[in-house]
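Below is one structure; the comments refer to it alone.
The values are calculated or read from the model by the stated rules, or taken from the named source; none is laboratory data. Being a predicted model, the structure only gives us computed values, none of them experimental. Virtual Cβ from ideal backbone geometry, glycine too; neighbours counted across all protein chains shown. Keep in mind that these areas ignore ligands, DNA and RNA; they rest on the heavy atoms of the full protein, side chains included. Shrake-Rupley method; radii C 1.70, N 1.55, O 1.52, S 1.80 Å.
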Amino acid sequence: MEILTVKVARKSGRFNLFESLQGFDYKDGDIIVVSSKFVSMAEGSVVDMGRIRVSRKAKVLAKKCHMEPRLAELVLRESDYIVKGVPGFLLAIRDGMIAPNAGIDKSNVPKGFAILYPRDPFASAEDLKDAFLANLGIKVGIVIADSRLMPTRIGTTGVAIACAGFEPVEDLRGKKDLFGNVLRVTFRAVADGLATMGVAAMGESDESTPAAVVRGARVQWTDKRLSWRDMAVAPEQDIYLRGLKSESLS
């Protein structure tokens, strides 16, 4: 397996996502991992924070969590619901995925602006996959990835916001491990694993590397149009959220 980076000149304003990623020798069967922020920039999902009108609810949350009222308002707009607030952050769920401040970021955008997640990331992934087939005649998989903090860990790893062209999760239930034990609950997060590879190669600051190619990955290809429901569990099923709500044992 190889992981190769795709360098792109700095962009501003809306632009064509497929065209911006050209200049690389893509191959049939490649998995292309693209930064969610880069997709958002291409689609114009960038907000002038100075133009945000703050609601009463956002003001209350901002005061309680010691954060900027306009950011609190934006998080409310971008979330399906808020799980909890801590100083500086609102832990929010959108489309089955939990993220601090609903994934809103102020890095790699002009001062005074914020970048949101793509409006419909699965549609964006599908469109990009189709563009590679139509223009280059190759079948590729697409992962739209973001960096994410993991519980109790220092630093960020990668997570798949959306994908297209391959099954994002492999069900291993019923298979046996090395000792013959039957696996009863194991699923392999294929898209998240590929996202982590891509994010590690792309970097987090001024690398100007918004995409990476994972070549030689074994995936189950599909023409099915995917959604977040193919990759997420309900909050009441999530082991971390359930654990936070349960009684402490120590």
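Only residues that are open to solvent by less than 100 Å² (accessible area, probe 1.4 Å) and not in a strand (DSSP E or B) were counted in region 1-21, giving 10.
Residue count for region 123-152, restricted to those that are touching a Cys at 6+ places or on another chain (Cβ under 8 Å) and either among the hydrophobic types (A, V, I, L, M, F, W, C) or over 24 Å from PHE24 (Cα atoms) (or both): 4.
Residues in region 166-201 that are open to solvent by less than 40 Å² (accessible area, probe 1.4 Å), touching a residue at least 12 places away in the same chain (Cβ under 8 Å) and out of contact with any Ser or Thr (no Cβ under 7 Å at 6 or more places or on another chain): PRO168, VAL190, ALA191, LEU194, ALA195, GLY198. What do you reckon, is ALA62 over 22 Å from GLY193 (Cβ atoms) and touching an Asp or Glu at 6+ places or on another chain (Cβ under 7 Å)? For ALA62, the condition - over 22 Å from GLY193 (Cβ atoms) and touching an Asp or Glu at 6+ places or on another chain (Cβ under 7 Å) - is met.
For region 204-244, filtered to residues that are touching a helix residue (DSSP H, G or I) at 6+ places or on another chain (Cβ under 7 Å) and in a loop (DSSP other than H, G, I, E, B), the residue that is nearest to VAL34 (Cα to Cα) is PRO210.
Going through (1) under 25 Å from SER227 (Cα atoms); (2) not assigned by the TED database to the domain that holds LYS64 one by one, LYS176 falls short only on (1).
Total residues in region 198-225 satisfying the condition of being within 21 Å of TYR26 (Cβ to Cβ), touching an Asp or Glu at 6+ places or on another chain (Cβ under 9 Å) and not hydroxyl-bearing (Ser, Thr, Tyr): the figure is 9. Picking from residues in region 140-158 that are open to solvent by 50 Å² or more (accessible area, probe 1.4 Å) and in a strand (DSSP E or B), the one that is farthest from ALA200 (Cα to Cα) is LEU149. Selection of first residues in region 93-106 that are in contact (Cβ under 8 Å) with a residue 24 or more places away in the chain and of second residues that are among the basic types (Lys, Arg) and in a strand (DSSP E or B), restricted to Cβ pairs under 6 Å at least 6 apart or on distinct chains, gives the following pairs, ordered by first then second residue: ALA102/ARG94. I'd like the full set of residues that are touching a Gly at 6+ places or on another chain (Cβ under 7 Å) and either surrounded by fewer than 21 Cβ atoms within 10 Å (Cβ to Cβ) or of a type outside the set (Phe, Trp, Tyr) (or both), limited to region 98-117. If the condition is that a residue be touching a Gly at 6+ places or on another chain (Cβ under 7 Å) and either surrounded by fewer than 21 Cβ atoms within 10 Å (Cβ to Cβ) or of a type outside the set (Phe, Trp, Tyr) (or both), then GLY112 is the only one that fits. Look at (1) among the β-branched types (Val, Ile, Thr); (2) free of Cβ contacts under 8 Å to residues at least 24 places away in the same chain; (3) not in a loop (DSSP other than H, G, I, E, B) and you find that ILE161 fails only one, number (2). Among residues of region 127-145 that are outside the structural domain of MET97 (by the TED database) and more than 20 Å from MET41 (Cα to Cα), those with a Cβ under 9 angstrom from a residue that is of a type in the set (Lys, Arg) and assigned to a loop (DSSP other than H, G, I, E, B), sequence gap 6+ or separate chain, pair up as LEU133/LYS139; ILE138/LYS27; VAL140/LYS27.
Listed by position, the helices (runs of 4 or more DSSP H) contained in region 26-80 that have at least 1 residues being open to solvent by 20 Å² or more (accessible area, probe 1.4 Å) and in the same structural domain as ALA164 (by the TED database) are 36-43.
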